[in-house]
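*Asks:* Take a look at this one; I'll ask things after.
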Amino acid sequence: MRITVLGSSAGGGFPQWNCNCRNCAGLRAGTLRAKARTQSSIFVQPSDHADGVLFNASPDILDQIRSRPALQPGRAIRDTAIAGVVLMDGQIDHATGLFMLRERTSPLPLWCTDPVEEDLRQGNPVLRVLGHYCGVARQRIALDGPAFEVPGVADLKFRAMPLASKAAPYSPHREQSVPGDNIGMTITDRRSGRSAFYAPGLGSIDPAVFDAMAGADAVLVDGTFWTDDEMIALGLSTKTARDIGHLPQSGAGGMVEWLGRLPARTRKLLIHINNTNPILDEDSPQRAALAAAGIEVCEDGMTIDL
């Protein structure tokens, strides 16, 4: 199985278009050792050059496809290696890119939970709009149900579980989350038995989530904020990381502590990194702390072979 990180940033990308925090200003000025990033998405294939599954469709999807030739194999006058799309939530940075896939010659195969479908038909009616173009062949993701397959990618199986996080701001249950607003996904290669756990939005870790992480060969999990008060300290928000559904990396009960409990064999990666997070600075003490803990920071174009 090959996982390609198409985008590794949180919403807004890095640098964010209207932000002049230390990270964004430093990257633009060339005074910060860091890499630009697009909004988070991964592409999973059973092997190199095979069709695969797109997890989340960010607003940057067209640039991501142009940058990764594997997604455009050129076998016909209209072609794509995207056999289907799986949404982890209904957030703008994970669903707006569906608009950019409207030129398909057949309905877009899309897997999402019932709450996400509701939000994308009502609060942000992406799916209704696509009905005027290619259409959508929506498949229901069951929570804690049996594993499912995506046609054309038979060597991989996918199993979802509900996560504690937040629904999109336009969702009617933004402040009263329901199961299925956010999911984590275990992706397993049927041939080798090796697996990855993917959860770009993760507000807390309960025993079931930790068991899924511990059972995987690689985990790609929420790397949005370093501290719980990161946005408050910068004067950019009045809400903590946990308030908006993201477990910070540092501090007691933070992501670094949880990842440290995983088996030594587990490859540990952070994805969906906010532009304010000091781990983007490759010379920062926070980045050094992650390296010492054996935790990687995802960057666009990274490939993980399992």
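*Asks:* Looking only at the stretch 127-147, count every residue that is within 26 Å of PRO162 (Cα to Cα), modelled with pLDDT of 95 or more and either crowded, with 21+ Cβ neighbours inside 10 Å or not aliphatic (A, V, I, L, M) (or both) and tell me the total.
*Replies:* 7
*Asks:* Hey, another quick one. With the structure loaded, tell me whether GLY294 is in contact (Cβ under 8 Å) with a residue 40 or more places away in the chain and surrounded by fewer than 21 Cβ atoms within 10 Å (Cβ to Cβ) or whether it fails that test.
*Replies:* Taking the combined requirement at face value, the residue does not satisfy it.
*Asks:* Consider ARG75 against the criteria (1) of a type outside the set (Gly, Ala, Ser); (2) free of Cβ contacts under 8 Å to residues at least 60 places away in the same chain; (3) within 28 Å of ARG159 (Cβ to Cβ): it satisfies all of them except one. Which criterion is unmet?
*Replies:* (3)
*Asks:* Looking only at the stretch 69-83, count every residue that is in contact with an Asp or Glu (Cβ under 9 Å, 6 or more places away or on another chain) and either within 16 Å of GLU117 (Cβ to Cβ) or surrounded by 14 or more Cβ atoms within 10 Å (Cβ to Cβ) (or both) and tell me the total.
*Replies:* 5
*Asks:* Considering every residue within the stretch 43-63, establish whether at least one is outside any loop (DSSP other than H, G, I, E, B), over 26 Å from GLU282 (Cβ atoms) and modelled with pLDDT under 95.
*Replies:* Checking the stretch 43-63: not a single residue is outside any loop (DSSP other than H, G, I, E, B), over 26 Å from GLU282 (Cβ atoms) and modelled with pLDDT under 95.
*Asks:* Test of understanding: among THR80, THR113, which residue is closer than 19 Å to TYR133 by Cα and among the polar types (S, T, N, Q)?
*Replies:* THR80
*Asks:* Name the single residue that is farthest from ASP305 (Cα to Cα) among those in the stretch 218-246 being of a type in the set (Gly, Ala, Ser) and crowded, with 21+ Cβ neighbours inside 10 Å.
*Replies:* ALA241
Matching residues to (1) touching a Cys at 6+ places or on another chain (Cβ under 9 Å); (2) in a loop (DSSP other than H, G, I, E, B); (3) not basic (Lys, Arg):
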{"residue": "GLY90", "(1), (2), (3)": "yes, yes, yes"}
{"residue": "MET100", "(1), (2), (3)": "no, no, yes"}
{"residue": "THR105", "(1), (2), (3)": "yes, yes, yes"}
{"residue": "PRO115", "(1), (2), (3)": "no, no, yes"}
{"residue": "GLY123", "(1), (2), (3)": "no, yes, yes"}
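*Asks:* What's the total number of residues in the stretch 175-195 that are crowded, with 22+ Cβ neighbours inside 10 Å and either more than 25 Å from SER47 (Cβ to Cβ) or within 13 Å of the chain's Cα centre (by Cα) (or both)?
*Replies:* 6
*Asks:* Is it true that GLY30 is without any contact (Cβ under 8 Å) to a residue 40 or more places away in the chain and either closer than 23 Å to ASP283 by Cα or not hydrophobic (A, V, I, L, M, F, W, C) (or both)?
*Replies:* yes
*Asks:* Kindly evaluate THR186 against the criterion of being free of Cβ contacts under 8 Å to residues at least 40 places away in the same chain, of a type in the set (Ser, Thr, Tyr) and assigned to a helix (DSSP H, G or I).
*Replies:* In short, no.
*Asks:* Follow-up question, since we're still on this one. Report yes if LEU262 is in contact with a strand residue (DSSP E or B) (Cβ under 8 Å, 6 or more places away or on another chain), farther than 30 Å from ALA25 by Cα, hydrophobic (A, V, I, L, M, F, W, C) and assigned to a loop (DSSP other than H, G, I, E, B), otherwise no.
*Replies:* Here the answer is yes, as LEU262 does meet what is asked.
*Asks:* Looking at GLU257, is it farther than 16 Å from ASN23 by Cβ and in contact with a strand residue (DSSP E or B) (Cβ under 6 Å, 6 or more places away or on another chain)?
*Replies:* No.
*Asks:* Still on this structure, I have one more. Being assigned to a helix (DSSP H, G or I) and either of a type in the set (D, E, K, R) or crowded, with 20+ Cβ neighbours inside 10 Å (or both): is that true of ASP300 here?
*Replies:* Taking the combined requirement at face value, the residue does not satisfy it.
*Asks:* Would you please name the residue that is modelled with the lowest pLDDT, looking only at residues in the stretch 150-169 that are under 14 Å from VAL53 (Cα atoms) and either assigned to a loop (DSSP other than H, G, I, E, B) or among the aromatic types (Phe, Trp, Tyr) (or both)?
*Replies:* ALA154
The values are calculated or read from the model by the stated rules, or taken from the named source; none is laboratory data. Small disclaimer: the values here were computed from a predicted structure and weren't measured. Note: ideal-geometry Cβ built from the backbone for every residue, glycine included; neighbour counts use all protein chains shown.
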